[in-house]
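A.B. asks: The following block contains the structure, expressed as structure tokens.
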Amino acid sequence: MKKRILLLEPDTGQAELFARWLKEVNYEVKLEDNQEEIPSSLSEGKFDMLIMSLDHPRTINASLELARALKKDQRFQEFLITALTYRKEVKKITSAVEAGVDNFVLKPFKTDFFLKHIETIFKEFELKKQGKKVLDLNYINFLIQLASEASRKDFFLLASTIFNRLIMDKVKGILGEPVVTVIAKRLKKISEEDCESMREVKFSGMQFLMDEMDKASKGVPVKKLVVDFRNYVYAFLQLVRVLTSDILMERGKW
């Protein structure tokens, strides 16, 4: 059965271009340029993914509100939301993750990259539908790489979002809060030994807080911060892997 995609893109030229690409590889596509019509469109037709653009100042706030509303609605909580935006827009990406956006395709992109990205997202979704718990390591690494291109202030913002929204929200649902708390204590020791700039990360209320890191790591180059953060993330994931065999850590191509 063809996958059905609802495409929210106010720019008519871009919408028609993306729709043509998707149709050429056998996706069924409906174009929409009005956020208010999305819930009724989803109710009337069985769509598998919403692709929305975040690059229009007039519509971005409404698009993020739409993502929040869909994720709060029981009918659409498992529905895939993919956002299109530029890779330098760290604050926008952070806001979108917190609003419930599941994945990003970052501009500028070529046709084959765009289509491969959508295919990979659907593959992970199919694994989840089979009852499998999935963390895509390449996608996590992809967002860490984005953080490495950001300003120092934006790095801490995106790093916190990556850990709490992309990783923690999934892992605590798999292992439970008591086990995650034990992992966090172990990570404190790891940060003191192997990734010094992470030593000021606090764990509170099932969240990793990085508020003190900027001041504590003053003078540390962003490149070093990124390496330490990646080591910290993968130390966490290694502990998760040790504690459960019930999670797939996929290495798809992003």
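The values are calculated or read from the model by the stated rules, or taken from the named source; none is laboratory data. Computed from a prediction, not measured in an experiment: that's the story for all the values here. All Cβ positions, even for glycine, are placed from backbone atoms using ideal geometry, and neighbour counts span all protein chains on display.
A.B. asks: Out of curiosity, is LYS153 over 15 Å from the mean Cα position of the chain (by Cα), among the basic types (Lys, Arg), assigned by TED's automatic domain parsing to the domain that holds VAL242 and closer than 22 Å to LYS88 by Cβ?
C.D. replies: For LYS153, the condition - over 15 Å from the mean Cα position of the chain (by Cα), among the basic types (Lys, Arg), assigned by TED's automatic domain parsing to the domain that holds VAL242 and closer than 22 Å to LYS88 by Cβ - is met.
Per-residue answers, yes or no, for (1) at pLDDT below 90; (2) farther than 21 Å from PRO39 by Cα; (3) among the charged types (D, E, K, R); (4) in the same structural domain as GLU37 (by TED's automatic domain parsing):
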site	(1), (2), (3), (4)
LYS71	yes, no, yes, yes
THR94	yes, yes, no, yes
ALA99	yes, no, no, yes
VAL105	yes, yes, no, yes
ILE118	no, yes, no, yes
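A.B. asks: Would you be able to say whether some residue in the stretch 176-196 is in contact with a Lys or Arg (Cβ under 7 Å, 6 or more places away or on another chain), at pLDDT 80 or above and hydroxyl-bearing (Ser, Thr, Tyr)?
C.D. replies: Yes, there is a match, as at least one residue in the stretch 176-196 is in contact with a Lys or Arg (Cβ under 7 Å, 6 or more places away or on another chain), at pLDDT 80 or above and hydroxyl-bearing (Ser, Thr, Tyr).
A.B. asks: Which residues, taken from the stretch 17-61, are surrounded by 15 or more Cβ atoms within 10 Å (Cβ to Cβ) and over 24 Å from LYS110 (Cα atoms)?
C.D. replies: If the condition is that a residue be surrounded by 15 or more Cβ atoms within 10 Å (Cβ to Cβ) and over 24 Å from LYS110 (Cα atoms), then GLN35, ILE38, PRO39, SER41, LEU42, PHE47, THR59 are the ones that fit.
A.B. asks: List the pairs whose first member sits in the stretch 1-16 and is exposed (fewer than 13 other Cβ atoms within 10 Å of the Cβ), whose second member is modelled with pLDDT of 90 or more, and whose Cβ atoms are under 7 Å apart, counting only residues at least 6 apart or on separate chains?
C.D. replies: Qualifying pairs under 7 Å: LYS2/ASN26; LYS2/TYR27; LYS2/GLU28.
A.B. asks: Answer with yes or no whether LYS110 is surrounded by fewer than 20 Cβ atoms within 10 Å (Cβ to Cβ) and modelled with pLDDT of 80 or more.
C.D. replies: When the stated conditions are applied, LYS110 passes them.
A.B. asks: List every residue pair whose Cβ atoms lie under 6 Å apart, where the two residues are 6 or more positions apart in sequence or sit on different chains, the first residue falls within the stretch 172-189 and is under 14 Å from LEU237 (Cα atoms), and the second residue, located anywhere, is of a type in the set (D, E, K, R).
C.D. replies: What qualifies is ILE174/LYS133; VAL180/LYS172.
A.B. asks: Any idea which of (1) in contact with a Phe, Trp or Tyr (Cβ under 9 Å, 6 or more places away or on another chain); (2) more than 23 Å from LYS218 (Cβ to Cβ) is the one LEU127 doesn't satisfy?
C.D. replies: Among (1) in contact with a Phe, Trp or Tyr (Cβ under 9 Å, 6 or more places away or on another chain); (2) more than 23 Å from LYS218 (Cβ to Cβ), LEU127 violates only (1).
A.B. asks: Just for the stretch 106-144: of the residues that are more than 21 Å from LEU157 (Cβ to Cβ) and of a type in the set (Val, Ile, Thr), which one is nearest to the chain's Cα centre (by Cα)?
C.D. replies: Step by step, filter the stretch 106-144, then rank; the result is ILE121.
A.B. asks: With respect to ALA147, determine if the residue is modelled with pLDDT of 80 or more and assigned to a helix (DSSP H, G or I).
C.D. replies: no
A.B. asks: When LYS188 is evaluated against the numbered criteria (1) in a helix (DSSP H, G or I); (2) closer than 30 Å to PHE79 by Cα; (3) not assigned by TED's automatic domain parsing to the domain that holds LYS88, which criterion, by number, is the only one it fails?
C.D. replies: (2)
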